[in-house]
Amino acid sequence: MSQSAHDATSQTAPFRRPASEVMHLDRIGCSHPTRLSFLRSMLRRLHRENWKVDRPVWEVDATGSGHAVYRTRCGDRTYSLVAFAHDLPEDMRSDRVIATAWDATFTLFDGEPTQADIVRLRDNVPLQEAGRITTRELTLARANRSVRLFHHVVGALSQGLQPDPAEIADIGYLMRTTAVYGSGKFGAADRSEIADRPELAAPFQVEMLTVWLIRAFTVDIVEHMAVVKGGDRAVRLDRDLRRTLGVGNSTGLGMAPFIVRHPVLLNNWMIAREEALARVRAQSGATQPAVAGLRVALDAAIENARVWTSQHPLQVPKLAALRDDLRMLSDTVDTWDFGQPLPWDALWRWSVDVLSLEGQEALLSIMLEPHGDLVDDLADCMSADEAPSFRIDGAMCVRDLRTILKQNYSWALSIDFTTPENIARFWYVSEEKLEPRLGERATEEGATLEQPLCIARLVAELDETLQERDEDEPVAAVLLAHPEHRYVMRRVQIAQNHPFAEVQDNLISADMLPIDLLRCKLSFFGATRFDPRSDRWVRINLFQGAPFPDEIEQGYLP
Amino acid sequence: MTIAPHDQTRGDSTPYIEDGLSASLSRNEVASLCMKAARGAGMSWGLAEEAGFAAAWLVQHGINGPSHLYAHLDQAQGRPWGDLCPTVSPGAWEAPAGRALCPIALGATLCDYAELPEGIKAGSSLEIGKVDHPVLLIPFLAVIAASNDLLIDIVWTGGMVSLGGRSDTLMHAAHALAGQQVPITLTARSGKPQVATPGKVPKISAEIIAALNTLAMRTTVPSSESSRAGAGSTTTDND
């Protein structure tokens with residue numbers, strides 16, 4: 001979304017939160033999915049455009065090995081998930097990128113695969129990183145079973161029984177993906193080749209479609225294994241119970257640098273969400289359906305917080321605070337005067353005074369929920385063409401560049417990078433696995449190979465250089481003398497027109513939590529049940545409660 | 001380090017493109033691999049991004065950008081910035097005495113100066129000293145041409161190519177400029193360049209991919225026990 005869509009003269013301007021309030025790790029680390037999240041906007045489109053989904057191929061044997069094809073047709077186009085099911089020994093199951101085999105592997109094929117395509121894909125998709133796919137493929141993914149729930153559900157269904165709802169609620173998925181790659185990875189189609197298709201224009205739509213179809217596969221494979229085990233006694237999974245299953249996802253540091261490396265995209269995600277909140281707050285009154293919708297969304301949030309569990313010491317107190325907040329919010333909403341002027345804004349202001357960051361960000365999501373007509377168009381503003389912002393404006397003078405630094409980076413310039421705790425970490429890429437990692441500067445080797453992810457420090461170094469330069473000098477001349485500043489110069493010029501482009505914290509400080517970056521990104525995907533397994537590794541759930549392919553036509557929407 | 005032929009555990013499949021094979025890389029892969037290789041060869045992060053941009057642009061237009069970039073990096077790696085960057089003044093840019101300019105640094109700097117008096121202007125010529133692998137300049141000149149409505153010619157002793165945007169002239173230019181190390185002059189006149197059309201994606205040889213990967217690996221850090229331990233879950237995944 002361009003700056004013009006967020007212009008200062010708009011009626012919503014007084015209701016917008018500034019980036020300096022929003023873009024801190026502690027707050028983005030409390031992000032909740034909203035109706036603008038990418039899986040939600042994808043499901044709305046599927047429903048609105050009446051996409052047809054079927055499963056023309058199911059060739060899976062009694063060991064659970066084989067392949068299946070899920071076909072999605074929209075208008076003139078077809079997208080097919082090709083799923084390969086594997087019989088994986090337990091000692092090979094790992095969610096890490098270091099894994100070498102998985103319970104199932106997938107690719108989203110652009111069109112309908114021929115038998116020759118299937119043969120080619122079978123030689124490559126199960127190898128994941130060690131295989132090659134082509135521009136006919138849009139994603140590459142893999143998933144592992146939740147061993148406990150998978151066995152429980154197969155066992156129950158094979159005996160003609162439904163699984164225990166408490167077991168399902170406890171885990172929430174039959175399989176979790178450990179990677180879903182798109183955007184030209186491993187030879188797949190580049191994002192730029194598909195970005196002009198309306199159904200794929202929003203961010204991460206092929207990835208979301210892949211995961212949604214994987215979810216259907218996870219149920220089909222347990223029902224298949226139940227029949228293998230129980231024969232005629234086996235029953236299908238109850239449809240209401242089925243809907244409570246999502247797809248799990250394990251993700252780690254690999255995802256964290258993304259929102260730092262894509263400042264324009266991050267800006268557009270944030271600005272759309274913030275504009276949505278501002279539109280809701282700017283309303284002069286509250287309709288009865290909107291108030292009723294708020295109550296429904298609030299009750300759903302309370303239920304979600306009730307079943308959302310985590311053992312991790314970082315998440316346990318946040319969940320407790322969230323539950324307290326939602327209780328308070330519930331009491332407050334029951335007696336809230338929606339007849340007052342600007343009732344939504346008043347409710348929002350109340351929350352800022354009373355609730356923790358968890359509660360405030362949850363309320364944001366809850367307040368958007370009954371206002372689809374008002375905010376859903378903003379989902380169309382969340383993609384980004386990054387190419388135009390790649391070129392540096394070399395004619396800009398040093399004075400103007402320093403003005404941007406003062407206006408957009410005062411948070412960075414106020415950090416003292418001479419203290420050990422403020423440079424305690426460094427981001428690097430491991431030679432062994434080519435994955436991003438975080439090292440301790442004082443005790444680990446490799447800081448000379450630091451990745452440029454601590455924007456604050458790079459900005460501080462640029463500022464130091466600029467102090468020595470003539471104010472009228474063009475930045476082109478600065479770059480000729482200081483090529484080391486080219487990377488950060490690009491960012492600073494981007495920030496001029498993209499106020500939400502930066503996470504406004506020190507990303508190498510001793511107390512930085514990478515999971516805050518992960519939660520921010522995952523909430524835009526639409527992830528729920530954020531469950532940290534360490535300060536840099538997390539499990540989440542996607543599509544829990546959402547319709548299955550055979551339900552989308554029936555009008556069921558989350 | 002060694003790369004086992006079927007180590008399936010790395011976030012990149014290009015190491016598996018083996019001897020004698022070639023592959024069509026996506027533009028994202030080209031930009032990413034070339035950026036890392038350029039960084040590994042000693043460019044700053046921002047210039048390395050420019051190298052990734054240039055290689056991906058060339059591939060999009062049917063030209064083997066990774067191969068040209070590798071040829072340049074192989075020659076230029078280790079040379080200090082002062083030996084690679086131009087001295088800039090209106091009408092004439094110079095290479096350091098006895099040296100050839102880095103086409104990536106030159107291209108990026110030409111873009112930086114496009115709106116300044118020292119840059120390429122319609123109706124004038126810009127003399128430039130000796131340039132390594134000037135084929136790598138084409139993406140930068142195409143950007144300037146498109147944003148400033150210029151038709152740009154590259155002239156050198158014994159040759160001249162016009163960058164009008166047409167695919168066949170682009171291929172001709174790439175062919176003529178490949179492997180050169182010559183002083184060049186850029187001349188520009190006003191005109192609307194045609195939008196360069198995408199070309200047939202070239203196959204990149206295993207040899208070039210391996211060579212670029214070797215440079216790219218210089219940006220990575222050998223694993224330690226503590227980094228491995230910190231990267232994943234602290235609890236079991238068999239649950």
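The values are calculated or read from the model by the stated rules, or taken from the named source; none is laboratory data. All figures in this text were calculated on a predicted structure; none of them were measured in a lab. Here the Cβ positions follow ideal geometry from the backbone for every residue, glycine too, while neighbour counts run over all protein chains shown.
Tabulated data for the structure shown
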read-out: Top-ranked residue of segment A:373-385 - restricted to ones that are surrounded by fewer than 15 Cβ atoms within 10 Å (Cβ to Cβ) and farther than 20 Å from A:Gln283 by Cα, ranked as farthest from the chain's Cα centre (by Cα); value: A:Asp385
read-out: Entirely in segment A:469-558, the helices (runs of 4 or more DSSP H) that have 2 or more residues that are under 23 Å from A:Arg27 (Cβ atoms) and either among the polar types (S, T, N, Q) or touching an Asp or Glu at 6+ places or on another chain (Cβ under 8 Å) (or both); value: A:486-497, A:514-525
read-out: Filtered residues of segment A:21-74 (kept if under 30 Å from A:Met512 (Cβ atoms), in a helix (DSSP H, G or I) and either of a type in the set (A, V, I, L, M) or at pLDDT below 95 (or both)); value: A:Val22, A:Leu25, A:Ile28, A:Leu39
read-out: Count of segment A:388-440 residues which are closer than 20 Å to A:Pro514 by Cα, touching a helix residue (DSSP H, G or I) at 6+ places or on another chain (Cβ under 7 Å) and free of Cβ contacts under 8 Å to residues at least 40 places away in the same chain; value: 4
read-out: Filter result (in contact with a strand residue (DSSP E or B) (Cβ under 7 Å, 6 or more places away or on another chain) and assigned to a loop (DSSP other than H, G, I, E, B)) within segment A:407-434; value: A:Ala424, A:Glu431
read-out: Count of residues meeting criterion [in contact (Cβ under 8 Å) with a residue 60 or more places away in the chain and either part of a helix (DSSP H, G or I) or more than 22 Å from A:Gly339 (Cβ to Cβ) (or both)] in segment A:267-289; value: 16
read-out: Residue among A:Leu518, A:Leu507, A:Leu480 that alone is under 17 Å from A:Glu461 (Cα atoms), surrounded by 19 or more Cβ atoms within 10 Å (Cβ to Cβ), touching a Ser or Thr at 6+ places or on another chain (Cβ under 8 Å) and not polar (S, T, N, Q); value: A:Leu480
read-out: Within segment B:111-230, strands (runs of 3 or more DSSP E) holding 3 or more residues that are modelled with pLDDT under 90 and in contact with a Ser or Thr (Cβ under 9 Å, 6 or more places away or on another chain); value: B:159-163
read-out: From the options B:Ser26, B:Ser67, B:Ser89, residue that is under 30 Å from A:Val125 (Cα atoms), surrounded by fewer than 24 Cβ atoms within 10 Å (Cβ to Cβ) and at pLDDT 85 or above; value: B:Ser67
read-out: Single match in A:Ala169, A:Ala234, A:Ala216, A:Ala226 (criterion: closer than 19 Å to A:Leu138 by Cα and out of contact with any His (no Cβ under 8 Å at 6 or more places or on another chain)); value: A:Ala216
read-out: Failed condition for A:Ile455, given (1) closer than 22 Å to B:Ala105 by Cβ; (2) within 13 Å of chain B (Cβ to nearest Cβ); (3) under 37 Å from the mean Cα position of the chain (by Cα); value: (1)
read-out: Strands (runs of 3 or more DSSP E) contained in segment A:86-194 and holding at least 2 residues among the polar types (S, T, N, Q), over 25 Å from the mean Cα position of the chain (by Cα) and buried (at least 17 other Cβ atoms within 10 Å of the Cβ); value: none
read-out: Pick from segment A:484-495, criterion surrounded by 22 or more Cβ atoms within 10 Å (Cβ to Cβ) and touching a Ser or Thr at 6+ places or on another chain (Cβ under 9 Å), ranking: farthest from the other protein chains (Cβ to nearest Cβ); value: A:His485
read-out: Qualifying residue in segment A:111-129 (condition: modelled with pLDDT of 95 or more and either within 11 Å of another protein chain (Cβ to nearest Cβ) or in contact with a helix residue (DSSP H, G or I) (Cβ under 9 Å, 6 or more places away or on another chain) (or both)); value: yes
read-out: Yes/no for A:Ala101 being without any contact (Cβ under 8 Å) to a residue 12 or more places away in the chain and either within 18 Å of A:Phe217 (Cα to Cα) or within 13 Å of chain B (Cβ to nearest Cβ) (or both); value: no
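Here is a yes/no grid of residues against (1) farther than 20 Å from B:Glu50 by Cα; (2) more than 14 Å from chain A (Cβ to nearest Cβ); (3) in contact (Cβ under 8 Å) with a residue 40 or more places away in the chain:
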| site | (1), (2), (3) |
| --- | --- |
| B:Glu94 | yes, no, no |
| B:Ala97 | yes, yes, no |
| B:Ile104 | no, no, yes |
| B:Tyr113 | no, no, no |
| B:Ser124 | yes, yes, yes |
| B:Pro134 | no, yes, yes |
| B:Ala142 | no, no, yes |
| B:Ala145 | no, no, yes |
| B:Val155 | yes, yes, no |
